[in-house]
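J.: For reference, the structure I am asking about is given below.
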Amino acid sequence: MQVIDRRQNPKSKSLGNRQRFLRRIKSQIRKTVKDAIENRSVSDLDSGEKVSVTANEIGEPTFGFDAAQGSRNYVIPGNHDYRRGDRIRKPSGGSGSGSGGSPDGDGEDAFVFMLSRDEFLNLFFEDLQLPNLAKRKLKSVASEKWSRAGYANDGSPQRLNKYQTMRRSLARRIALKRPRLHELNRLEAEFEAAQTPTGSDDGNQSEEAKRLARLIEETRERMRAVPFLDPVDLRYNRFEQTPKPATQAVMFCLMDASASMTESLKDLAKRFFILLHLFLNRHYRSVELVFIRHTYTAAEVDEETFFHGRETGGTVVSSALEVMLRIIRERYPVQDWNIYAAQASDGHNFDHDMPRTIELLQREILDLCQYYAYIEVGEEESSYVSALWSGYAQLESHPHFARATVLDPTEIYPVFHKLFASNRQAS
Amino acid sequence: MDNRTLLYEGSEWDFNHLRRVHDAIEEIAIDEMGLNVYRNQIEVITSDQMLDAYAAFGMPLMYSHWSFGKRYSREALLYRKGAQSLAYELVINSDPCVAYVIEENSMTMQTLVIAHACFGHNHFFKNNYLFRQWTDADRVLDDLAYAKRFIAECEERYGMQAVERTLDAAHALMSQGVSRYAPQRPVRSQDAVLKAESRKSHHEATYNDLWRTLPKPKQDADTEDNAEREFDAAALRLPEENLLRFLSLHAPKLKDWQREVLDIVRKTAQYFYPQQQTQLMNEGCATFVHYQIMNRLHQTGQVNEAAMLEFLHMHTAVVTQPDFDDKRFRGLNPYALGFAMMKDIQRICQSPEPEDEAWFPEIAGRGDFMGVLRDAWADFRDESFVLQFLSPHLIRKMRLFAVRDASDSPHLSVEAIHDESGYREIRHRLAQQYDLSKRDPEIEVTEADLKGNRRLVLTHRVRDGKTLSSSTCNRVLRHVANLWGYRVRLIEVDAGTGQTLNDYDAVALP
């Protein structure tokens, strides 16, 4: 007999089978994924999805009897008062008593299972790819940094951790009953007092002094034996090299916050931002978000304010771009960060601002960014061409720039797909 | 009664405990009960790994196929939602006998599992005639490993899709991929020569010149044609019930690797065939053994009352048989019926009543119930076991009754109940219920034209008017046609009247 512990064996032995299964029902899953982005609220897009697949696609047919034909015999337990020859009306469900012989062919109409978050997102972003991804990957591989990793028993003196060392020293001193310094001082003071001749009884005094002297000697001995700081107490800070996030990205969300952007338009924009964030998250270990909203002035705000705060005023896009440039300069050095930007707007901009906006984009921002996407959100189809749309037309040729219009939540995903399709360059 | 020390206390287990419990159980199983088992190998796994194993026919090593992924997805969802709990154990008919136990089990559960799987199932696997005849226990794991490697190589070489299509088709025919009769021993050429010689000498010895004077029968074209066709059929060994084997041997368009894939699936199906035929006995045997062993462990003071109560709780859950009108009723529970029949045999051996003397004269009052059971476990399968050992006492106790459900009648009719006139009828019908050859459709290859239009004809012999479900039948036929490469026809013929009921036809996709 032998007992083997297999718990350490790799768990997901059926992972390969599951992938084969998913591949088989991909078209159906795609539909589910599409429905999910249309119907689900944006916030839980990050979770998994329950997928229901009709049996046909994944049925495993076998030769089986037609339940409605022929006659069957069953022997079943628990007779109460039936006698031989009794007739029982069949339950109207159709399939008789449903026991015994009838083989369970493919009784399942729909097959339901869970897609994990990763699988869901994989399908969600399938055949999408980040443009210019390669640019900074290579560079950042080398960067490593030291980070604290607990304590070590040895190390160089400058790494000595005084707090940890003293903690151990104190514990050891208490445990080994090392006399405290003030106890020694007290004894010495008493000895001093006993020694000063104050009058009669010499013999007694010297007796007391002798006892104290002996005590002091013992105390000193003990203090020597149990040192205040022993090598075993010493603790040093330990550092380990950890690779810096090999690829890190910052995503700038720029949005027009003027009154013309209604809640529903903001919601459209939000969906796009969320998609972009999810997408970036899959490619970079850490993605930072910067929200910049603007009217005629721009400011960096938090997410809540970004999506729900209201402001009134005109629209000066360049103000937002200036804020973005400043933030990049201050916090996100180009050599360390992959920079993505998405701008959502209803297309308004003051005419006098257009030249400045285009110049900022063309001269500085587009070269700093990996990708700059402009999303124009609108309520309905119209022949009206907005200021930004027509202005941005000249940027089309820039490899880092893309633009699209979105009118309806259902279009978000297709538009997103279009912007990031892996064959974008080709098409 | 010898009082020994407790093997364990509480619910925590470790590897030492497993070993000690195994040794204590082995002593009871081998010395007291006379079981004969393969060497045991107990493997501890996590619940995730159990789910994995579940999905792939309960085998630890299985080739890759999407259907296992599907099964896994389903099991995992049910398990996570709490709709279904995992089996405590999984055991593989191999030498050494591999039993999987889940790490979450309590020590009492592990004890139960060791008694149940490592001795109950193990003994049954080693001794039952079906397993001895059909499976090479020492080769099972190697075969599985080979299959896994082979399929993986095929996927690499011929593409996942092509392999998947072949496997899909093969899986569809899995229950038509078993040989129900003992394998035919190939004739040694030496024997064939001897046989021919003895026939010749017989002819010479009985030669009578008078026969020569008889007019020869006319050999017209028709009979020649017939004769040739018969010759072809004989060469293909038709009719052939094992569709998978027939296709892997004779399908004209299959590539060699596809034939091998069919063989792999056929062998897998064949491996499970004895298990399907003996589920009732196998589970009954294992349940009886664990019950006996746990009681002995308790009697000898090796497990305490707390463990015994925990065990009884689980045991009762396993052998519960809800009545037919109960919401939980899912047909006869093989654990319950198997265990009840074996307890009943014990009762008949130890304290028979006059009725038992009449029904079971050979075993009534014999006393040595383990001997009787060991023989039964070795020489019967579910169908014959029920036919031989279902007693009137048990029929009354379980209040079994027979019902007939005819599709052309609005009523179910009760045809036998637990009374004098019904015992034999119930026993007979219950036995039939466990007869796999009656449960699966009887489909054979009856005609295969390898020279002309290359059409393959399958025949389904319809019993009791139970025809095939047409939707699945068409889809399976498409699979058959794809394997065969040409047109395939399936005729449903009534077994009694010979009348053709249905005719299906499928062509291969280019």
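The values are calculated or read from the model by the stated rules, or taken from the named source; none is laboratory data. What you see is a predicted model; the values in this text were computed from it and never measured. Neighbour counts are summed over all protein chains in view; Cβ atoms, including those assigned to glycine, are modelled from backbone coordinates with ideal geometry. Just the protein is used for accessible areas: all its heavy atoms, side chains included, with ligands, DNA and RNA removed. Shrake-Rupley method; radii C 1.70, N 1.55, O 1.52, S 1.80 Å.
J.: So which GluC sites (Glu not before Pro) in region B:327-403 are both in a DSSP loop and have at most 16 other Cβ atoms within 10 Å of their Cβ? Before the final figure, lay out the partial values.
T.: Values: sites: B:Glu355, B:Glu357, B:Glu362, B:Glu383; in loops: B:Glu362.
Here the GluC sites (Glu not before Pro) that fit, given the DSSP loop and packing criteria, are B:Glu362.
J.: I'd like the interface area for chains B and A: accessible area of each alone minus the complex, both sides summed, 1.4 Å probe, protein heavy atoms only. What is it in Å² to the nearest 100?
T.: Buried area (both sides, nearest 100 Å²): 7500 Å².
J.: Determine the percent antiparallel among the DSSP beta bridges restricted to region B:440-506, to the nearest 5.
T.: 65 percent
J.: Largest first, how would B:Ser11, A:Ser147 line up by accessible area (1.4 Å probe)?
T.: B:Ser11, A:Ser147
J.: Something else: Across the residues of A:80-90, average count of Cβ atoms on other protein chains within 10 Å? Display every interim value, and only then the final one.
T.: Values: counts 5, 1, 8, 5, 11, 5, 8, 6, 6, 3, 7.
Per residue, the number of nearby Cβ atoms from other chains is 6 on average.
J.: Give me the dipole magnitude in Debye, nearest 20, for chain B about the Cα centre, with unit charges on the beta carbon: positive for Lys and Arg, negative for Asp and Glu.
T.: 1360 debye
J.: Top to bottom by accessible area (1.4 Å), largest first, where do A:Glu303, A:Glu192, A:Glu60, B:Glu283 land?
T.: Solvent-accessible surface, decreasing: A:Glu192, A:Glu303, A:Glu60, B:Glu283.
J.: Could you go through region B:442-457 in sequence order and give the Karplus-derived ³J(HN,Hα) for each residue, using 6.51 cos²θ - 1.76 cosθ + 1.60 with θ = phi - 60°, rounded to whole Hz, and x for Gly and Pro?
T.: So the J values, rounded to whole Hz, are 9, 10, 10, 7, 10, 8, 9, 9, 8, 10, x, 7, 6, 8, 10, 10.
J.: With unit charges on the beta carbons (Lys and Arg positive, Asp and Glu negative) and the dipole taken about the Cα centre of region A:248-420, which residue among A:Phe307, A:Gln370, A:Leu360 sits farthest to the positive side?
T.: With unit charges placed on the Cβ atoms, the residue in question is A:Gln370.
J.: Something else now. Please state the charge dipole magnitude for region A:157-237, taken about the Cα centre, from unit charges on C-beta atoms (+1 on K and R, -1 on D and E), reported in debye and rounded to the nearest 20.
T.: Approximately 1040 debye in magnitude.
J.: Looking only at chain B, where both bridge partners belong to it, what percent of the DSSP beta bridges are antiparallel (to the nearest 5)?
T.: Around 60 percent of the beta bridges assigned by DSSP in chain B are antiparallel ones.
J.: Let me ask something additional. Could you tell me what percent of the accessible area of region B:244-349 is made up of carbon and sulfur, with a 1.4 Å probe and every protein chain present?
T.: Whole-percent figure for carbon plus sulfur exposure: 51.
J.: With unit charges on the beta carbon (Lys/Arg positive, Asp/Glu negative), name the residue among B:Phe360, A:Gly16, B:Thr500 whose Cα is farthest towards the positive pole of the charge dipole of the protein assembly as shown.
T.: A:Gly16
J.: Next up: In region B:446-476, which residues become less accessible by 20 Å² or more once every protein chain is in place, relative to the chain on its own, using a 1.4 Å probe?
T.: B:Asp464, B:Gly465, B:Lys466, B:Thr467, B:Leu468, B:Ser469, B:Thr472, B:Arg475, B:Val476
J.: Which distance in nm do the two modelled labels at B:Lys81 and B:Lys451 give, with both placed 7 Å along the Cα-to-Cβ direction?
T.: 5.9 nm
J.: OK, next. DSSP loop GluC sites (Glu not before Pro) in region B:80-170 with at most 14 other Cβ atoms within 10 Å of their Cβ, which ones?
T.: Filter output for region B:80-170: B:Glu104.
J.: How tilted is helix B:369-379 with respect to the longest principal axis of chain B? Cα atoms for both, answer in degrees (0 to 90, nearest 10).
T.: The two axes meet at around 20 degrees.
J.: Turning to a different aspect of this structure: For region B:335-474, calculate the relative contact order in percent as a whole number, restricting contacts to Cα pairs under 8 Å that are 6 or more residues apart.
T.: Computed over region B:335-474, the figure is 15 percent.
J.: Also, I was wondering about something else. Please give me, ordered by residue number, the trypsin sites (Lys or Arg not before Pro) of region A:276-320 that lie in loop per DSSP and have at most 10 other Cβ atoms within 10 Å.
T.: Details: sites: A:Arg282, A:Arg285, A:Arg293, A:Arg310; in loops: A:Arg285, A:Arg310.
Hits after loop and neighbour filter: nothing returned.
J.: Next question, about the same structure. Calculate the translational D of region B:319-437 in whole µm² s⁻¹ from Stokes-Einstein, where the hydrodynamic radius comes from the Kirkwood formula applied to all Cα pairs, the temperature is 20 °C and the viscosity 1.002 mPa s. If you can, show how the numbers build up before the last one.
T.: Values: Rh = 15.3 Å.
Translational D for this selection: 140 µm²/s.
J.: From the helices alone, meaning DSSP H stretches of at least four residues, give me the mean residue ellipticity at 222 nm for chain B, per-run term -39500 (n - 2.57), in deg cm²/dmol to the nearest 500.
T.: -16000 deg cm²/dmol
J.: Another question, then. Write down the accessible area per residue of region A:248-420 in Å², having rolled a 1.4 Å probe over the full set of protein chains.
T.: With all protein chains present, region A:248-420 gives 40 Å² per residue.
J.: Could you list, bin by bin from short to long, the percent of Cα-Cα pairs of region B:5-92 in 5 Å steps?
T.: Bins of 5 Å from zero give 3, 11, 18, 16, 15, 14, 12, 8, 4, 0, 0 percent of pairs.
J.: Just need the Rg to Rh number for chain B, please, alpha carbons only, Kirkwood Rh. Write down the numbers at each step before the final one.
T.: Working: Rg = 27.2 Å, Rh = 26.5 Å.
Checking Rg against Rh, the ratio lands at 1.03.
J.: Give me the accessible area of B:Lys148, 1.4 Å probe, in Å² rounded to the nearest 10.
T.: 80 Å²
J.: Follow-up question, since we're still on this one. Rounded to the nearest whole Å², what accessible area per residue is found for region B:275-434 with the 1.4 Å probe?
T.: Normalised by residue count, the accessible surface of region B:275-434 is 41 Å².
J.: Oh, and also: Tally the DSSP beta bridges in the protein assembly as shown and give the antiparallel ones as a percent, rounded to 5. Before the final figure, lay out each step's value.
T.: Details: 50 of 95 bridges.
Close to 55 percent.
J.: In nm, what is the difference between 0.36 nm times the number of residues separating A:His348 and A:Arg167 and their Cα-Cα distance?
T.: Result for the pair: 58.6 nm of gain on full extension.
J.: What residue among A:Phe191, A:Ile174, A:Leu212 has its Cα farthest toward the positive end of the dipole of region A:157-237, where the charges are +1 on Lys, Arg and -1 on Asp, Glu, each on the Cβ?
T.: So the residue we want is A:Ile174.
J.: How big is the accessible area of B:Phe380 in square angstrom, nearest 10, if you roll a 1.4 angstrom probe over the protein chains?
T.: The accessible area of B:Phe380 comes to roughly 40 Å².
J.: How shielded is B:34-42 by partner chains, expressed as the average number of their Cβ atoms within 10 Å of its Cβ atoms?
T.: 2
J.: Here's a follow-up. Heavy atoms only, 1.4 Å probe, whole protein assembly: order B:Asp494, B:Asp405, B:Asp142, B:Asp256 by accessible area, highest first. All intermediate terms of the calculation are to be shown ahead of the outcome.
T.: Details: B:Asp494 40, B:Asp405 15, B:Asp142 100, B:Asp256 125 Å².
Reading off the accessible areas and sorting them downward yields B:Asp256, B:Asp142, B:Asp494, B:Asp405.
J.: To continue, here is another question. What area, in nm² and to one decimal, does the C-alpha convex hull of region A:262-385 cast on average over all directions?
T.: 8.1 nm²
J.: Something else now. Would you kindly state how much longer the chain becomes between A:Val226 and A:Gln241 on full extension, computed as 0.36 nm times their sequence separation minus their alpha carbon distance, in nm to one decimal?
T.: 1.7 nm is the gain from fully extending A:Val226 to A:Gln241.
J.: How long are the three semi-axes of the equivalent ellipsoid of region A:157-237, in whole Å, if each is the root of 5 times an eigenvalue of the C-alpha gyration tensor, listed from largest down? List each step's numbers first, then the result.
T.: Details: eigenvalues 296, 22, 13 Å².
Largest first, region A:157-237 gives 38, 10, 8 Å.
J.: Using a probe radius of 1.4 Å on heavy atoms only, what accessible surface per residue do you get for region B:50-185? Whole Å² is fine.
T.: Working: 5250 Å² over 136 residues.
With all protein chains present, region B:50-185 gives 39 Å² per residue.
J.: Could you check how much of the accessible area of region B:76-186 is carbon and sulfur, as a whole percent, using a 1.4 Å probe?
T.: Roughly 49 percent, rounded to a whole number.
J.: Something else now. Using C-alpha positions alone, give me the convex hull volume of the protein assembly as shown per residue in cubic angstrom. List each step's numbers first, then the result.
T.: Values: hull volume 338.2 nm³, N = 937.
It is 361 Å³ per residue.
J.: Give me the accessible area of B:Arg396, 1.4 Å probe, in Å² rounded to the nearest 10.
T.: Accessible area of B:Arg396: about 80 Å².
J.: Would you list the P(r) distribution for region B:440-506, with all Cα-Cα distances sorted into 5 Å bins from 0 and each bin expressed as a whole %?
T.: Computed distribution, short to long bins: 4, 18, 29, 24, 15, 8, 2, 0.
J.: Work out the length of the dipole vector of region B:440-506 about its Cα centre, built from +1 on the beta-carbon of each Lys and Arg and -1 on the beta-carbon of each Asp and Glu, and round it to the nearest 20 debye.
T.: 320 debye
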